[in-house]
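Down below is the structure, laid out as structure tokens.
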Amino acid sequence: MRFQCRCGEILSDTLVPNDIELFVYTDREFEKIMDLESIEDIPDPVYSVWKCTNCERILVFDEAIKLIKTYVLEEI
Ligand SMILES: [Zn+2]
């Protein structure tokens with residue numbers, strides 16, 4: 001899919017591999033993954049998490065690929 005970040009950058013996950021998509025699992029989910037016998041059994045993460053390559057915003061989509069949260073980079 002393609003999505004335009006609020007900074008204007010067009011993001012797309014159609015290229016594999018890409019630098020947009022992050023695979024985010026909780027520690028509890030990851031423990032279950034470590035017990036799997038085959039890497040083909042690894043489930044997709046519950047949320048699709050993308051990182052904008054321009055502004056580093058984090059975008060979180062639910063299972064229906066609806067944007068539910070964005071996180072903006074905070075200066076340290
Ligand atoms: Zn952006």
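Quick note: the coordinates plus some simple rules give every number you see, no bench work behind them. None of the values given here were measured: they were computed from a predicted structure. When we count neighbours, we look across all protein chains shown, and the Cβ atoms used for this are built from the backbone with ideal geometry, even at glycine.
Return an integer: the convex hull volume of the alpha-carbon atoms of the chain, in Å³ per residue. Walk me through the intermediate numbers first.
Working: hull volume 9.1 nm³, N = 76.
In the chain, the Cα convex hull volume per residue is 119 Å³.
Cross-link partners for Lys32 among the aspartates and glutamates, with Cα-Cα distance under 15 Å and sequence neighbours closer than 8 places in the same chain left out: Glu40, Asp41, Asp44. For the chain, the 222 nm mean residue ellipticity estimated from helices alone, with every DSSP H stretch of n ≥ 4 adding -39500 (n - 2.57) and the total spread over all residues, rounds to -3000 deg cm²/dmol. Computing FRET efficiency as 1/(1 + (r/R0)^6) for Asp44 and Glu9, where r is the C-beta to C-beta distance and R0 is 25 Å, gives about 0.55. Modelled spin-label separation between Val60 and Val16, with each label point placed 7 Å from Cα along the Cα-to-Cβ direction: 2.6 nm.
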